[in-house]
Amino acid sequence: MPKVYGSGKPKVEKNVWDKLREDNSGTPTVYFFSSESCHFCAAAYPYIESLEKKYEQFGVQVVQIDVDQNSELRDAANISQWPYYCYAEDGVIVGDALGWEDAFKKGLEERLGLTKSYQIEPGLSSEKEQDGVISGCGDSVSQAAEIAAGVQDAMEELEQRLKDHIDLAVGRIIRSVSGDQEAK
């Protein structure tokens, strides 16, 4: 009886987003989903250019995708809000971020995983420094970027409070142990 190859396994058709990442898999790539009509995207553009210049020495490329002109790609990537950034190594997404805020001048590289991959200090600058706010645009009216930033701030505060409590507990233990040793 002849062998039937591929039977039992459905063939998975790659979408345009999968194909784009596969085509760029040999090059570390930052994908920047934006819209010309989005003022938050406009605030991010100079920093994306700065990011591109900073990491070109490592062979990182930046691919800007206009969500209005590339709706099939936007939908295949499941992008409903922008500006949206993601970083891929070997076609696999390493990190991503949504929205624009002043903190992204330093934090965007860390959120994408670039500083970890290339052991470089974070910090983006632009000749035209712009005041940004936490926000983004998209198909649905949402404050996801603002909520995400708020959650991150709350997590950082909780982390600091936890460290303070741990330091306090360790101090009490040390004093207790020191007191026990002095009593002997």
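Being farther than 15 Å from residue 99 by Cα and more than 18 Å from the chain's Cα centre (by Cα) narrows it down to one residue among 73, 51; which is it?
73
Is it fair to say residue 88 is outside any strand (DSSP E or B) and within 14 Å of the chain's Cα centre (by Cα)?
no
Limited to the range 94-128, what total is found for residues that are charged (D, E, K, R), in a loop (DSSP other than H, G, I, E, B) and surrounded by fewer than 20 Cβ atoms within 10 Å (Cβ to Cβ)?
Residues in the range 94-128 being charged (D, E, K, R), in a loop (DSSP other than H, G, I, E, B) and surrounded by fewer than 20 Cβ atoms within 10 Å (Cβ to Cβ): 4 in total.
Any read-out appearing in this document is the output of simple, stated calculations on the displayed coordinates, not a laboratory observation. Since the structure is predicted, the reported quantities are computational estimates derived from the model, not experimental observations. Using ideal geometry, Cβ is built from the backbone for each residue, glycine included, and neighbour counts are taken over all protein chains shown.
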